[in-house]
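Here's the structure, in C-alpha cells; my notes come after.
Here, each number is a calculation from the coordinates, and none is a lab measurement. Since the structure is predicted, the reported quantities are computational estimates derived from the model, not experimental observations. Glycine also receives a Cβ, built like all others from the backbone with ideal geometry; neighbour counts cover every protein chain displayed.
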Amino acid sequence: MFADECQRLTDANSTLTEIAERLGRCASLTLDGNHRNTRQIASFAAHFHTGTGLPVLPDQEGPLPRLHRLPYGGAADLLVLLAHRHPQQSIGVIVNSTESQFSLLGSLERRAPRLRPQMYTSWARAAQSRYRTLDLDRPGIELVHRASAKGLSFDTVVIPDTHTDVAADPTSAALRMTYYVLATRARRELHLAY
C-alpha cells in the first residue's frame, strides 16, 4: 500500500498511523522525495501544502505552471492545442463538475474527433460503460472529476475551471488540499485556467 498524508481531498481521509494500525503487523518503508513532478510544479504546489514541513523539491526541471484567461469555450481550444503539441503525452483535464466533463467532452468531440478523448465518471451506469474506465497507457486527453483525481498522474494537467472556486475561502485547508492534490498530478506541465 502506498500512502501520503498530504495527498487528500477531504479531512475524512485516514492518517498514516490509522492505516498502519488497520493493516496490523506489517513492515513500513518510507520513500522520501518527489519522484513525479518538476521543480517548478512542486514549488507551485508547495503554496497549497497543509502538512508539517514542506516537501523537498525535486531536481528535474520543466516549464513554469501557466494561468490562462479563456473566452467562453476556450478550454476545448487549449486542449486541442496541447494535444497537437504533445501527441504522445497524457493530458489530464481535472474539472469540478460532471456537467463540465460532459460539456467539455462534447466540445472536443465536435472540434477534434480524431483526438478520441476519454472520460471517467463514477456516476456512469452500466449502459455508459465508455465512461467507467480510462486507458491510462494511451496518450491523449482524459477528463476526470476532482474527486477522482487522487492517485492519478499525467504528463500535462489542465484545471480549466478555477473560477468555480471563487466563493471558497482561499485560505481554507480544504481548498488548499484540493489544489495541492490537483497540481501534483502533473509530471511535466501544469495549466490552470478561468
Within segment 79-121, the residues that are more than 20 Å from the chain's Cα centre (by Cα) and outside any helix (DSSP H, G or I) are Ala112
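So that you can scan it fast, the table gives a plain yes or no per residue for (1) in contact (Cβ under 8 Å) with a residue 24 or more places away in the chain; (2) touching a strand residue (DSSP E or B) at 6+ places or on another chain (Cβ under 8 Å); (3) within 14 Å of Ile141 (Cα to Cα):
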residue	(1), (2), (3)
Phe154	yes, yes, yes
Ile159	yes, yes, yes
His163	yes, no, no
Arg176	yes, no, no
Leu182	yes, yes, no
Ala186	yes, yes, yes
Leu192	yes, yes, no
Here the residues within segment 125-181 that are in a helix (DSSP H, G or I) and under 28 Å from Pro113 (Cα atoms) are Ala126, Ala127, Gln128, Ser129, Arg130, Tyr131, Arg146, Ala147, Ser148, Thr162, His163, Thr164
Give the residue that is nearest to Ile41 (Cα to Cα), with candidates limited to residues of segment 147-193 that are hydrophobic (A, V, I, L, M, F, W, C), in contact with an Asp or Glu (Cβ under 9 Å, 6 or more places away or on another chain) and crowded, with 17+ Cβ neighbours inside 10 Å.
Ala186
Output the number of the condition that Ala76 fails; it satisfies all remaining conditions of (1) in a loop (DSSP other than H, G, I, E, B); (2) out of contact with any Cys (no Cβ under 7 Å at 6 or more places or on another chain); (3) in contact (Cβ under 8 Å) with a residue 24 or more places away in the chain; (4) over 15 Å from Leu192 (Cβ atoms).
(1)
How many residues are touching a residue at least 24 places away in the same chain (Cβ under 8 Å) and of a type in the set (A, V, I, L, M, F, W, C) when one looks only at segment 119-152?
9
